[in-house]
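Everything below concerns the one structure shown next.
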Amino acid sequence: MSTPHQLRRPATAEAINHAFELLNLKAKRNVDLSQFTTYKVGGSAALHMVVSSIDDLYLVSAVLAEVDLPILVIGRGSNLLISDSGFKGLALTIGGLADYVDLPNRDEDPEVEPIALFGGSVALPVAARQSVARGLTGFEWGVGVPGSVGGAVRMNAGGHGSDMASSLTSVRMFHLRRGLEAHVNAVDLGLRFRGSALDDHHVVLSATVDLEWSKSPEASEAELQEVVRWRRENQPGGQNAGSVFVNPEPGKVSAGAVIDELGMRGMRIGSAQVSEKHANFIQADVGGSAQDVVALMAEVRRRVRDERGYVLRSEIRLVGFEDETDPEIVDLINKESEVGVSTIRLEQVFDKSLTANETTDGTIPVSVLNGEVVRIIDSEVSDEVLEELRDAFGRDATRDVTRNIQRDSTSGVERDATIVPIQPAERVVIVDDDLRIVTDDDFPADTMSQSVHRAPTSTRIAIFDDESLTTGEDDSAEGAVIIDGTAWTELSFARRVINGTKKMFTMRGVNRRKQLLVVGGSLVASVVFVLIILASPLVAVRNIDVEGAKYANATLIETVSKSLRGRSVLTVDTNAAQKLLETDPWIESVRIKTYLPSRAVIEINERVPVAWFLGVDNQGRVIDQDGRVLAVVNGRPTEYMLIDGIGPNLIAGAMASESYKAAAQLAMSLPDEIRPVVKNMGVNGPNQVTMTLLTGAVVKFGEPVDLRNKLVNVVVILRRQDINQIAGIDVSSGTPVVSSP
């Protein structure tokens, strides 16, 4: 088991080759990592892979179980320094897998708790701005930290009087070296000032934070702006990774102040310099060297230790410096091991997760239905029980339940793998009879009642003696009626009714005028009865269910609902209500159905948001695949693909031009393998569509025609060539032209 900040030796060439083969072309060789860091210096990774799904994480885990390979998970690279010699292992960047924001909406539910869910790849400034825009407070500090949510959890990032630990309640995490997912409470993360128990094999998929509803949204927005203003005035731009050293005495002594007091502001070694603006920042020159940065860090740390007695701890993750021989740099890299209770506690969470996966609740053997097969998840099912199961399922020898003993690669413990019958099962067998759900069969009918159980499909046959029915013979005659072969002599009342009916219809001298009056009166009474029912509040709409509404205007829906309430479910005008709802740009179609006695259901089919662009008024326009503007927003809806370029000031419901429509359709059509490397779409000029990759390469689609074939050409090129060796792709003419850097 590796530990936080513990160095793993570089992988051998043989291990790298083996891992490359196992990753099955999902990884690339010798990828420049400087592009993924804010320092913009350093070497390449022996292997690099963009993770775009949970399946990718399980693939990496399987490879690590077979190959001894160092692993590096890169977030937004804002606290990372890669050595000039690079990283001799597998570097991972997380794609759209964890790039989502789920915020509560008090307009929809006034009682909703102020709990937010952020994907691990979400930038902290984005999380801060979106939470404030939703009326939440407590995360404003994040706008001043350029890292990702996952990275912020790992280092317990913070600033302006707060940090992740102050609001974090739990995370969803993947353990790369054990191939396990787990829900981990914040108390089990070992959070401390600018640190935690997390290591490189821990991938933060999401973080749940407990915030508060803002009493003054304007005050929260002002706090955001103040954090941004302070950062611009007090922190340098350019190539750096933020604060280099952790404050030696948090809240009392700052690292920047100590460095400044020793006169090291502006000190330079080669291409690296202590910032003139903030002494705890080290700047790297364009085209500079990672070796110069780490050498300057070591020198600053040595002087602070020698002259002030503080042993500064680096906030920067130093990767690939294992072969360093300078003792000062070695001392800087090989920090004191932080393995302790928090590390062990975190691993125990995954141990519990493993146990929970072996049996549903860790203790009770149960059988579950998965699709059409039965899986018996119980490591202690005996051979006798399995034999009983074979008999119960009625299978022959070719359909036996089999056992598969496997040894866990981490713990070395033997356990049964999931036991699956070869053919689909027809029923579920519950192993433990004590857990069997009580059924009606457990409570037989009262034996004193003379009821007889009959099959539900049995037919009751009645045989009548016509002569006895018509002649009025004694009611006690035997054999008059037989039902299911059982004599039934208690039909005197039935026979009287039948005889009376026959006599009534065979009577002579029936007054036909009276019959007509009776029929006419019945019709009038029926009409009056129907009118009374229609006017009765018993069939008035009282309960209205709304289905499918996520973005639609809640006020409009409530207005329509009020117009339906109190109307008869039999006569209410649903067409007018449907047309009114369809005036909402988010709503594509509506169907309203009514049910007796008092229920109506509004089924809403919403349009799907695909992309967004910025108008001249600096407001975002969210559009669907048809180019329809669904909403105009003040913030930046980063959950959708950006269409770069300043667009028109369209109102909600308006249609964007063909070029924006084409860009939106391209964004929606991107294959999963390509989407993680796409930065944004673009509209260049009046009728030119482009796409920008994360590497900065621009793909020119030209006019919005024949886009399908153009996209196919781009996908083929990106599959066959190293994206880092592509400066641009031009498919505007239909024939792809690739330019190299």
Check: Filtering segment 614-638 down to residues that are modelled with pLDDT of 90 or more and touching a helix residue (DSSP H, G or I) at 6+ places or on another chain (Cβ under 8 Å), which residue is surrounded by the most Cβ atoms within 10 Å (Cβ to Cβ)?
Finding: ILE623
Check: Hey, any hits in segment 686-693 for a residue that's more than 31 Å from the chain's Cα centre (by Cα), outside the structural domain of ALA27 (by TED's automatic domain parsing) and either surrounded by fewer than 16 Cβ atoms within 10 Å (Cβ to Cβ) or among the aromatic types (Phe, Trp, Tyr) (or both)?
Finding: yes
Next item on the list: Quickly run through segment 707-741 and pick out the residues that are surrounded by fewer than 16 Cβ atoms within 10 Å (Cβ to Cβ), small (Gly, Ala, Ser) and over 25 Å from ARG29 (Cα atoms).
Entry: SER733, GLY734
Next item on the list: State whether one or more residues within segment 213-221 are over 18 Å from the mean Cα position of the chain (by Cα), part of a loop (DSSP other than H, G, I, E, B) and within 22 Å of GLY77 (Cβ to Cβ).
Entry: no
Note to self: It is to be established whether one or more residues within segment 260-271 are touching a residue at least 12 places away in the same chain (Cβ under 8 Å) and either assigned to a strand (DSSP E or B) or assigned by TED's automatic domain parsing to the domain that holds LEU80 (or both).
What the structure shows: yes
Next item on the list: Residues being closer than 23 Å to TYR640 by Cβ and either in contact with a strand residue (DSSP E or B) (Cβ under 6 Å, 6 or more places away or on another chain) or not aliphatic (A, V, I, L, M) (or both): count how many of those fall in segment 694-730.
Entry: 12
Check: Residues in segment 28-38: is at least one closer than 16 Å to VAL203 by Cα, assigned to a helix (DSSP H, G or I) and either of a type outside the set (D, E, K, R) or in contact with a Lys or Arg (Cβ under 8 Å, 6 or more places away or on another chain) (or both)?
Finding: no
Next item on the list: For VAL572, indicate whether it is aliphatic (A, V, I, L, M) and either at pLDDT 90 or above or in contact with a Ser or Thr (Cβ under 7 Å, 6 or more places away or on another chain) (or both).
Entry: yes
Margin query: Go through (1) over 24 Å from VAL274 (Cβ atoms); (2) at pLDDT 90 or above for SER34 and report which single condition fails.
Written below: (1)
Check: Which residue pairs have Cβ atoms under 6 Å apart, sit 6 or more places apart or on different chains, and have a first residue in segment 201-225 that is touching a residue at least 60 places away in the same chain (Cβ under 8 Å) and of a type in the set (Val, Ile, Thr) and a second that is in a loop (DSSP other than H, G, I, E, B) and crowded, with 18+ Cβ neighbours inside 10 Å?
Finding: VAL204/GLY120; VAL209/SER167
Notebook entry, point to check: Failed condition for VAL569, given (1) within 21 Å of VAL678 (Cβ to Cβ); (2) in the same structural domain as ASN543 (by TED's automatic domain parsing), with all others met?
Noted result: (1)
Note to self: Residues that are modelled with pLDDT of 90 or more and surrounded by fewer than 21 Cβ atoms within 10 Å (Cβ to Cβ): does segment 136-145 have at least one?
What the structure shows: yes
Check: Out of curiosity, is MET155 touching a residue at least 60 places away in the same chain (Cβ under 8 Å) and in contact with a strand residue (DSSP E or B) (Cβ under 7 Å, 6 or more places away or on another chain)?
Finding: yes
Item checked: Boolean, SER243 is touching a Lys or Arg at 6+ places or on another chain (Cβ under 8 Å) and among the polar types (S, T, N, Q) -> no
Note to self: I'm told SER131 meets every condition in (1) modelled with pLDDT under 90; (2) within 22 Å of the chain's Cα centre (by Cα); (3) in a helix (DSSP H, G or I) except one. Can you identify the failing condition by its number?
What the structure shows: (1)
Checklist line | Selected residue (only one of VAL227, VAL203 is surrounded by 16 or more Cβ atoms within 10 Å (Cβ to Cβ) and not in a helix (DSSP H, G or I)) | finding: VAL203
Note to self: Of everything in segment 578-588, what is in a loop (DSSP other than H, G, I, E, B) and either over 24 Å from VAL632 (Cα atoms) or of a type in the set (S, T, N, Q) (or both)? Give them in sequence order.
What the structure shows: THR583
Note to self: Just to check your reading of the model, which residue among ARG154, ARG177 is surrounded by fewer than 23 Cβ atoms within 10 Å (Cβ to Cβ), under 29 Å from HIS48 (Cα atoms) and outside the structural domain of MET49 (by TED's automatic domain parsing)?
What the structure shows: ARG177
Item checked: Only listed residue being over 30 Å from ALA662 (Cβ atoms), small (Gly, Ala, Ser) and within 32 Å of the chain's Cα centre (by Cα), chosen from SER561, SER589, SER568 -> SER561
Note to self: I want to confirm something. Restricting to segment 554-577 and keeping residues that are outside any helix (DSSP H, G or I) and of a type in the set (A, V, I, L, M, F, W, C), which single residue is farthest from ILE592 (Cα to Cα)?
What the structure shows: LEU570
Notebook entry, point to check: If we keep just the residues of segment 65-104 that are over 25 Å from the mean Cα position of the chain (by Cα) and among the acidic types (Asp, Glu), which is nearest to ARG134 (Cα to Cα)?
Noted result: ASP84
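The values are calculated or read from the model by the stated rules, or taken from the named source; none is laboratory data. In this text, all values refer to a predicted model and were calculated from it rather than measured experimentally. Positions of Cβ are backbone-derived with ideal geometry, glycine not excepted, and every protein chain shown enters the neighbour counts.
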